[in-house]
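Only one structure is covered here, and it is reproduced in the block below.
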Amino acid sequence: MQQAVETTLFEKLGGSAAIEAVVMAFYKRVLGDPDLQGFFAKTDMDKQTRSQIAFLTMALGGPNEYNGRPMKAAHDGMGITEMHFDKVAGHLVDTLKSVGVCDDDVNEVVALIGPLKKQIVSA
Ligand code: HEM
């Protein structure tokens, strides 16, 4: 009998080391974007990077060690528009592509992150 082998997106992308590298490169892009950098002016980026690594690890099916706030509470009242969200999501996509993640896997990540828009956009 054949056994079902389920590979999580977390594993497909290369596990912890890959996610860490992606998140670091992602925030470089975000902080380099004049439309986005202001949101993070007072943010401890080391802490933010660790939190995002844990969040994405969980969202992509890896171990759940995320102990930050839920997405709505984390972003409430910041005046984030759909344009801001789409730019952040775009930087994530560009980062994934830049490290050689294939289009199918990038699309899977987009399908997971896209639905967060309604929790994150508040303006
Ligand atoms: C693509 C979807 C997004 C995801 C998955 C995401 C994820 C996160 C996570 C995990 C945190 C940390 C929460 C905590 O530790 O309690 C956070 C905080 C934050 N996010 Fe996002 N985020 C997204 C989109 C955005 C957008 C579009 C903006 C603004 C343009 C933004 C700006 C921020 C800021 C300013 C903080 C708080 C940093 C602080 O506490 O100083 N995020 N986000």
Magnitude of the Cβ-charge dipole (Lys and Arg +1, Asp and Glu -1) of the stretch 66-108 about the Cα centre, nearest 20 debye, reported as 300
Comparing Gly77, Gly68, Gly90 in a Gaussian network model of the chain (Cα, 10 Å), the one with the largest mean-square fluctuation is Gly77
All alpha-carbon distances of the chain, grouped into 5 Å bins from 0, give the whole-percent distribution 2, 10, 19, 25, 22, 12, 5, 2, 1, 1, 0, 0
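Counting each DSSP H run of 4 or more residues in the chain as -39500 (n - 2.57), what helix-only mean residue ellipticity at 222 nm follows after dividing by all residues, to the nearest 500 deg cm²/dmol?
Values: 7 runs with 74 residues, N = 123.
The helix-only estimate for the chain comes to -18000 deg cm²/dmol at 222 nm.
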Subtracting the Cα-Cα distance of Thr7 and Leu112 from 0.36 nm times their residue separation yields 36.2 nm
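Please state the charge dipole magnitude for the chain, taken about the Cα centre, from unit charges on C-beta atoms (+1 on K and R, -1 on D and E), reported in debye and rounded to the nearest 20. If you can, show how the numbers build up before the last one.
On the way: 12 positive and 16 negative charges, 82 e Å.
Roughly 400 debye for the chain.
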Descending packing, highest mean Cβ count within 10 Å first, for 104-115, 25-36 is 25-36, 104-115
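All of the numbers you see were taken from the coordinates with simple rules; none came from a lab. Quick caveat: nothing in here was measured; it's all calculated off a predicted structure. Note that we place each Cβ from the backbone using ideal geometry, even for glycine, and neighbour counts take in every protein chain shown.
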